[in-house]
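These notes are about the structure you will find just below.
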Amino acid sequence: MISEFLVRKFVKNYETIEDEKTRNAYIYLGSIVGIICNLILSIIKITVGVISSSVSIMADGFNNLSDMASSLITMIGIKLANMPADKEHPFGHGRMEYLSALVVAFMVMLVGAQFIKSSVDRILNPTKVSFEMIPFILLLISLILKLWLSRFNKYVGEKINSSALKAASVDALGDVFTSSCVIISFVASKFTTIPIDGYVGVLVSLAILYAGYSLVKDTISPLLGEAPDEELVKAIKQGVLSYDNIIGVHDLIIHNYGVGKCMASIHAEIPSNIDLVTIHEIIDTAEREISQKLNIYLVIHMDPMCIHDEKINAIKGDVQKILFKYEQIKSMHDFRITEGKNQTNIIFDIEVNFDEVNTVEKEEELRKNLEKDIKKLNPLYNCIITIDKYF
C-alpha cells in the first residue's frame, strides 16, 4: 500500500504515534503530500479549463489550489501549535491547529462564492466548451489522484487522530464527486449547446461552499468547548478507580488546549477513616501515572466519605430508592448529613442526563419533586441538592 510505504519511508519511529514528534512528522508528511498532489491537480485543471473555455473545470482547479493552501496553512498551524508554553499561554499554543483549519475553511468558502458568480455569468452568457481527448484523459488521471489523496489523508488522520487531516480527507472525497460532475459536463458539451458547463459550475461552487461550512463547523466546536471524547472520559474514570481506597469518582472536567494537550480534574471519593498521608500518596501516584499514560495533565480532588456510619448509610439507602424512580437521574455522589435542633440537612449531588434536564425550569422542577419525596421519609429533612449535567 502506497500510504503505508510513505509513512514508513518518511516518518521516523512511525509506530510510536503517542509521541508528539512522531505525530508532527505524520502531519507534515500529510501536508507535503497534499501540497504536491493539489498543485499538480490545479495546474492540470486550470490549463484544461483555459484551453477548453470551461468555467466548471477552472473552478475545480482553483478548488484544488485552495486545498494546496489548506495543506500549507495546516503545516504552519502545527508549527505554531507546537510552540512551547509561555507566561501568557501556560498550557501552550495547541489551539493554533484549530485556528489554522478555520482560516482554511473561510478561504474555501471564498473560492466557492467567487465561482458561483462566474458560473451564473456563464449561464447568462454561454460560451462554447471545446472538447478534446487529451484534456479528457488528464481529467480522468486527476480524478484517480484525488481519490488516492482522500484515502491517504484518511489513513494518516485516523492513525494520529488529526481533525485537520480527517477534514482534508472528507474534502478530497467531496472533490472526487465534484470532479466527476465536471468530467461528465465536459463530455456532454460535445453533444449539446445547452450551457451545462455553467450549471455544473454552480453545483461545484455550492459543493465548495458546503465543504467550507462543514470545516468551519468542525473547527469552531473544539474552540467553543465541545464535550470530551467518551473514550478519554472512560479511561480517566477507570484509571482513577483502579487505585486502592478510591471508592467512587465524579465531577470530571476536561479542558482541551489542542490535540494531545488536555487538562482534566476529577473528584475521588475515599473512606474518611484512612490516614491522610497514606491516601495523599495514593492520589499523587494516580495523578502522575494516569497523566503519563493518557498524555494529559490530571488533578484529583479528594472527597472523604463516611462509609461506616450505620445511620448515614440507612438514610442514604432510603434516598437512593427514591432517586431510582427518576429515569433522568444517572447517579448520586457526595452524600452527607448535618444535624441541627430543628432540621436535618440532607446534602448530595445528582448527575442527570443533559438532554432530559436542559433548562433551569426543568432543574427546579426535578429538585422540588425530590425534596417533596424525601420529606415524606421525615418532615425534618431539609434537602440541599446540587444538579450536575452528564453530557
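Below is a table of values for the structure above.
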item	result
Members of segment 353-383 that are modelled with pLDDT of 90 or more and not in a helix (DSSP H, G or I)	Lys376, Leu377, Asn378, Pro379, Leu380, Tyr381, Asn382, Cys383
Sole residue being basic (Lys, Arg) and within 20 Å of Glu269 (Cα to Cα), chosen from Lys325, Lys362, Lys316	Lys316
Count of segment 297-325 residues which are outside any helix (DSSP H, G or I) and not basic (Lys, Arg)	14
Residue selected from segment 145-200 under the condition within 22 Å of the chain's Cα centre (by Cα) and not in a helix (DSSP H, G or I), by the criterion surrounded by the fewest Cβ atoms within 10 Å (Cβ to Cβ)	Asn161
Selection within segment 50-83 - part of a loop (DSSP other than H, G, I, E, B) and within 23 Å of the chain's Cα centre (by Cα)	Asn82, Met83
Selection status of Ile208, in contact with a helix residue (DSSP H, G or I) (Cβ under 8 Å, 6 or more places away or on another chain), without any contact (Cβ under 8 Å) to a residue 40 or more places away in the chain and of a type in the set (A, V, I, L, M, F, W, C)	no
Those residues of segment 273-299 which are within 14 Å of Gly239 (Cβ to Cβ) and in contact with a His (Cβ under 8 Å, 6 or more places away or on another chain), in sequence order	none
Segment 215-265, residues that are assigned to a loop (DSSP other than H, G, I, E, B) and not aliphatic (A, V, I, L, M)	Gly225, Glu226, Pro228, Asp229, Ser242, Tyr243, Asp244, Asn245, Tyr257, Gly258, Gly260, Lys261
Some residue of segment 321-340 being buried (at least 17 other Cβ atoms within 10 Å of the Cβ) and in contact (Cβ under 8 Å) with a residue 60 or more places away in the chain	yes
Any hit, segment 11-18, residues being in contact (Cβ under 8 Å) with a residue 40 or more places away in the chain, in the same structural domain as Ser179 (by TED's automatic domain parsing) and either more than 30 Å from Lys128 (Cβ to Cβ) or in contact with a Phe, Trp or Tyr (Cβ under 6 Å, 6 or more places away or on another chain) (or both)	yes
Boolean, Leu6 is under 30 Å from Ser118 (Cβ atoms), assigned by TED's automatic domain parsing to the domain that holds Asn125 and either out of contact with any strand residue (DSSP E or B) (no Cβ under 7 Å at 6 or more places or on another chain) or surrounded by fewer than 16 Cβ atoms within 10 Å (Cβ to Cβ) (or both)	no
Some residue of segment 266-279 being under 29 Å from Gly92 (Cα atoms) and assigned to a helix (DSSP H, G or I)	no
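The values are calculated or read from the model by the stated rules, or taken from the named source; none is laboratory data. None of the values given here were measured: they were computed from a predicted structure. Reconstructed Cβ throughout: ideal geometry from the backbone, glycine too, with neighbour counts over all protein chains shown.
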